[in-house]
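Notes to accompany the following structure.
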Amino acid sequence: GMSSERLERVAQVLRADIETGRMPGAVIAVARKGRLVYYESFGYLDKADGTPMPKDAIFAIASMTKPMVGVGIMQLVEESRVMMTDPASKWFPALAQMQVGVVKKDASGQATLDLVPMRRQFTVQDLMRHTSGITYGGRGSTPVHKLTPASSGYSGSNFTAAEFIERLSKAPLLYQPGTAWEYGLSIDVLGLIIEQESGQTLGAYLQDRIWKPLGMVDTSFVIPADKVK
């Protein structure tokens, strides 16, 4: 039920992007009604070495780990170990003391920051739908952003779990919980809740409860040495 002529347009676009240097290579898979109807690799795994892109190449999937963490949380909700209405401070009391930053401009036009109390604490549901008020420090230049950890990658590389929560708890929220959608560090907090509830690292939990049962044999936070090409 798929047009081979139109699917060929995918190849045309990708080959053009590879030729102009926009990307070194890619792997594309299209499924319909449970069947794989298109599966092709393009370009290079290592352009400098001339290594062609294999279909089983391992890619960094970045924020696609977010829905995996969401599934992990929902498993704990199903098991009545976590409630959607639970405040995050149930696991990390310091988060109950966070304030909301109100950015204003003074007479000279410079941004200033006022802090006001949260009208309510952010919940597991807020974290799941990005309505906690937590942002990424690297996604803006306001005084709130400057006080917030820059990104998930930076936080994971530079802070322990305890240090991350401490840094986050001292930063202001960008919005009142529940009032606005803001892409940010909310899922990182959910990952730490999973660790608290399961007694496992997030990677170990996802491996045991999601990746292994689903046969996701090439999914992990760290690539094993024998799979590095």
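What to note about this one:
- Looking across the stretch 23-76, the residues that are under 20 Å from the mean Cα position of the chain (by Cα), open to solvent by less than 40 Å² (accessible area, probe 1.4 Å) and hydrophobic (A, V, I, L, M, F, W, C) come down to 68, 69, 73, 76.
- Hey, residue 128 touching a strand residue (DSSP E or B) at 6+ places or on another chain (Cβ under 9 Å), of a type in the set (A, V, I, L, M) and in contact (Cβ under 8 Å) with a residue 24 or more places away in the chain or not: no
- Counting the residues of the stretch 77-120 that are open to solvent by 70 Å² or more (accessible area, probe 1.4 Å), touching a Leu at 6+ places or on another chain (Cβ under 9 Å) and farther than 30 Å from residue 198 by Cα gives 1.
- Taken over the stretch 1-22, the criterion of being open to solvent by 80 Å² or more (accessible area, probe 1.4 Å) and β-branched (Val, Ile, Thr) is satisfied by 13, 20.
- Odd one out for residue 135 among (1) open to solvent by 40 Å² or more (accessible area, probe 1.4 Å); (2) among the β-branched types (Val, Ile, Thr); (3) in contact with a Ser or Thr (Cβ under 9 Å, 6 or more places away or on another chain): (1)
- Scanning the stretch 1-22 for residues that are within 27 Å of the chain's Cα centre (by Cα) and over 28 Å from residue 227 (Cβ atoms) returns no hits.
- Residue under evaluation residue 100, criteria (1) within 30 Å of residue 117 (Cα to Cα); (2) touching a residue at least 60 places away in the same chain (Cβ under 8 Å); (3) in contact with a helix residue (DSSP H, G or I) (Cβ under 8 Å, 6 or more places away or on another chain), criterion not met: (3)
The values are calculated or read from the model by the stated rules, or taken from the named source; none is laboratory data. In this text the structure is predicted, and so the values were computed from the model without any measurement. Please note: Cβ atoms are built from the backbone with ideal geometry, for glycine as well, and neighbour counts cover all protein chains shown. Accessible surface areas use protein heavy atoms only, side chains included; no ligands, DNA or RNA. Shrake-Rupley method; radii C 1.70, N 1.55, O 1.52, S 1.80 Å.
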